[in-house]
Every structure is written in C-alpha cells, then in structure tokens.
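Worksheet: one structure, shown below.
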Amino acid sequence: MDKIGYVDICCGLNWGDEAKGKIVSYLSKVGDYSFVCRWSGGNNAGHTIYKNGIKYKTHLIPSGIFYDIPSIIGPDCVLNINSFFEEIDYLKNNGFNTNLIFISPKAHIVTEEHIKEDKQKLHKIQGTTAKGIAPCYKDKYGRIGKTVKDIPQLKSYLWDEKLYGNILCEGAQGFWLDINQGNYPYVTSSNCLPYAACSLGFPPQFIRHIYGATKIYDTRSGIDPLFPENLLENQDLLQLVKIGEEYGTTTGRMRKTNWLNLDKLVDAVKISGTTIILISKVDVIKKLNKYKLYHNSTIIDFEDFDSMKTYIDKTLKQNCPLLENITYSEKNELK
Ligand code: IMP
Ligand code: MG
C-alpha cells in the first residue's frame with residue numbers, strides 16, 4: 001500500500017471564508033481518503049466544522065482529524081508551536097484522536113519575533129491576522145528560518161513524508177489572497193492555488209477533482225482597496241453581514257461584504273482548474289430577497305434567485321471549459 005490512488009483538492013475561490021471547512025468535512029465523511037493534508041498557511045486560517053450538530057473550530061490542524069483520518073501539516077505550512085499545542089488540547093478534550101496528526105519536518109516555525117514584527121509593521125497597514133505569517137515566510141525564503149525537525153517538543157508528531165492511498169488536500173485562505181494572483185500587497189504570503197498542494201510530495205497527474213468553494217456574495221476580512229470601508233454603509237450589504245454572520249473565525253472582525261463579482265469568480269475558476277464549484281449561503285440572499293452581481297464591471301439586478309442562478313451557470317459554462325459541475329447550497333446542507 002504505498003501507491004497513490006488519486007488526489008482531491010478543495011480550494012477557496014475568493015478571499016477566504018468560503019466554507020471550505022464544510023466541504024472538506026463532508027468529503028472526509030463520505031469519501032475514502034488515507035490522508036487529509038494542509039499545504040499552505042498557518043494559524044491565520046480559521047476552519048469551522050460541524051459534526052453531529054456540534055460546531056468545532058481549528059486554525060492549523062486539517063479537518064480530517066474530526067473523522068479519524070491521518071492529518072498532515074505540509075512542508076509549505078508555517079507552525080506556531082503554542083497554537084499547535086492549544087489545538088491538540090482542544091481536540092483531545094473533545095475526544096478526537098490526536099495520534100493521527102503529523103507535521104512535515106520541513107514546515108517552518110513561527111517565532112515570537114515574527115509575531116512581534118507582524119504586529120508592529122504589517123497589521124495596521126495591511127490588516128493582517130497578526131499571527132507572524134509574512135515575517136515567517138520571509139525568513140523561509142531568505143533561508144534563515146527554523147524548521148520543525150529541529151524542535152524536540154514536536155518529535156512525536158513528525159511525518160515520515162510518505163503518501164499513499166487517496167488523498168484529500170484542504171486549502172487555506174483563497175484564490176485572491178494568493179501571493180501571486182492577489183491584489184499585492186493585500187495578500188497573504190503563501191500559495192493558495194491547488195497546484196501548490198503538490199508541495200506535499202505528489203505529482204500533479206494524480207489530481208482527480210478540484211473542488212472550488214465560493215459564496216453567492218463576496219466577503220473580505222482585512223484591508224483591501226478593492227473592498228473600501230464604506231461598503232459597510234450600504235444597508236443591504238450590512239444586512240448580508242448580519243444574516244450571513246460574516247465575522248472572522250480567527251479575528252472576530254466584521255467582514256466587508258459586496259455583491260458577487262462574477263468577473264473575478266470566472267478568473268479564479270479558470271486559473272485554479274476548478275472542476276466542481278460549490279456556491280454556498282444561497283439562503284442568505286434569499287432571506288434578504290435581493291439578487292445582484294457584478295459582471296463586465298457593471299451591476300446586474302435580477303428579479304429572483306432562479307434568474308440569477310441561470311445567469312451564473314451560463315457565464316461559468318461559457319468561460320470555464322474544465323468546470324464539470326456547479327452546485328448551490330443553503331446554510332444547513334453538507335453538514
Ligand atoms: P496574513 O495572512 O495574516 O498575513 O494576512 C494577510 C491578509 O490575508 C489579510 O487581509 C487577512 O485578513 C487575510 N487572511 C489571512 N488568512 C485569512 C483567512 O483564513 N480568511 C480570510 N482572510 C484571511
Ligand atoms: Mg476560514
């Protein structure tokens with residue numbers, strides 16, 4: 001059993017917070033995976049999972065752990081040791097088997113200095129999560145970073161770097177937060193696109209499905225000129241924040257919210273290679289009873305959800321040749 005079968009990947013198509021956790025949780029439950037792996041980022045992420053009606057939150061440890069699947073933190077992730085052990089305690093206290101958690105010896109360590117630098121230099125001007133992410137990756141690429149293999153405390157969690165069976169890769173952040181694709185410098189410091197999952201150590205030819213997660217409206221936590229503060233003065237958009245409970249998992253901040261930008265979504269689907277798109281939180285705009293999106297840089301106002309859906313389907317199908325399936329979901333589905 002040392003052969004890889006196939007690799008499925010779940011990535012965010014927007015600015016994070018697209019309910020990737022819900023998709024990974026669902027796939028872990030119904031799928032047949034030997035591993036669930038994180039390939040990028042650190043505890044700047046926040047993944048919300050529902051299991052048997054109970055809500056759980058993690059930041060670093062892959063969601064496979066909730067389904068007793070060996071869970072790997074990959075070599076291009078960054079690890080805050082305190083936050084890791086807090087999460088281990090949290091999972092243990094909730095009855096999950098933390099012996100299934102493994103960390104790549106090549107992952108980099110986020111130090112107190114990294115966090116201090118982030119807080120002092122970046123948090124205010126870029127709206128970072130202040131978790132030390134950018135300074136840690138800066139040291140990694142400057143080749144002066146400290147890696148997991150040098151930390152005695154983490155010895156029992158070291159991954160042997162072997163992959164086999166079917167693999168599920170869990171994305172963090174999203175397409176427009178990617179260091180290469182996003183609105184630099186209002187990005188994160190990691191590679192959020194699915195191709196980067198290959199950094200775990202498998203060839204791209206094994207990739208089967210790429211699940212792209214998106215919402216029926218856009219949200220942004222953190223600073224980004226594409227999402228000006230005055231969006232929160234629009235009463236309809238403010239309603240979306242409230243109905244959709246758009247507050248950060250990691251920071252608690254209110255997310256700036258806007259109508260779906262279909263131009264950006266088409267690009268994200270095309271470039272990421274998404275084969276299955278899941279558009280969630282449809283119940284939120286139905287509750288507001290307003291159906292708008294941006295396309296070709298102009299706003300389109302639809303009479304009802306069905307006409308908006310027909311328009312999105314047609315546009316995605318016309319522009320994204322690799323896309324095989326489009327699914328819409330309401331809040332309580334996929335749990
Ligand atoms: P950093 O990753 O903490 O450096 O933050 C850089 C940018 O990415 C900021 O705008 C953050 O708000 C955003 N960001 C980072 N992680 C997440 C996430 O998991 N969800 C949403 N936004 C995120
Ligand atoms: Mg999140």
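Less than 11 Å Cβ to Cβ from Val284, Lys/Arg counted +1 and Asp/Glu -1: what total charge do the surrounding residues give?
Result for the local shell: +3.
On a 0 to 90° scale, report how tilted helix 305-319 is relative to the longest principal axis of the chain, with both axes built from alpha carbons and the result rounded to the nearest 10.
Result, in degrees: 60.
Once you compute Rg and the Kirkwood Rh from C-alpha atoms, what is the Rg to Rh ratio for the chain?
Taking Rg over the Kirkwood Rh, I get 0.95.
For the chain, the longest stretch holding no GluC sites (Glu not before Pro) located in a DSSP loop with at most 14 other Cβ atoms within 10 Å is which?
Result for the longest clean stretch: 1-160.
When only Cα pairs under 8 Å and 6 or more residues apart are kept, what is the percent relative contact order across the chain?
22 percent.
Compute the long axis of helix 20-30 from its Cα atoms, compare it with the longest principal axis of the Cα atoms of the chain, and write down the angle in degrees, 0 to 90, nearest 10.
With both axes taken from Cα atoms, the answer is about 70 degrees.
Suppose every K and R has +1 on its Cβ and every D and E has -1 on its Cβ; what is the size of the dipole of segment 40-174 about the Cα centre, in Debye to the nearest 20?
The dipole of segment 40-174 has a size of about 260 debye.
With viscosity set to 0.890 mPa s at 25 °C, what whole-number translational diffusion coefficient in µm²/s follows for segment 215-335 from Stokes-Einstein and a Kirkwood radius over Cα pairs?
In µm²/s, the coefficient is 163.
For segment 273-335, what ratio Rg/Rh do Cα atoms give with a Kirkwood hydrodynamic radius?
0.98
Please state the shape class of segment 109-266: rounded when a/c is under 1.5, otherwise prolate if a/b exceeds b/c and oblate if not, all from the C-alpha gyration tensor.
Oblate, since a/c reaches 1.5 and b/c is not below a/b.
With a 10 Å Cβ neighbour count serving as the proxy for reagent exposure, in which order, fewest first, do Thr275, Thr310, Thr98, Thr214 appear?
Going from least to most buried by this count: Thr310, Thr98, Thr275, Thr214.
Highest first, please rank the peptides 179-191, 62-74 by the mean number of other Cβ atoms sitting within 10 Å of their residues.
Peptide ranking by packing, descending: 62-74, 179-191.
Would you please put 6-15, 204-213 in order of how densely packed they are, using the mean number of other Cβ atoms within 10 angstrom per residue and starting with the highest?
Result, highest mean first: 6-15, 204-213.
Considering every pair of different Cα atoms, what Kirkwood radius, in Å, is found for segment 159-201?
11.6 Å
Compute the long axis of helix 81-93 from its Cα atoms, compare it with the longest principal axis of the Cα atoms of the chain, and write down the angle in degrees, 0 to 90, nearest 10.
Compared with the principal axis, the helix lies near 80 degrees.
Only the coordinates and a few stated rules stand behind these numbers; no lab work does. A quick note: this is a predicted structure, and the numbers were derived from the prediction, not measured. Neighbour counts run over all protein chains shown; Cβ positions are idealised from the backbone, glycine included.
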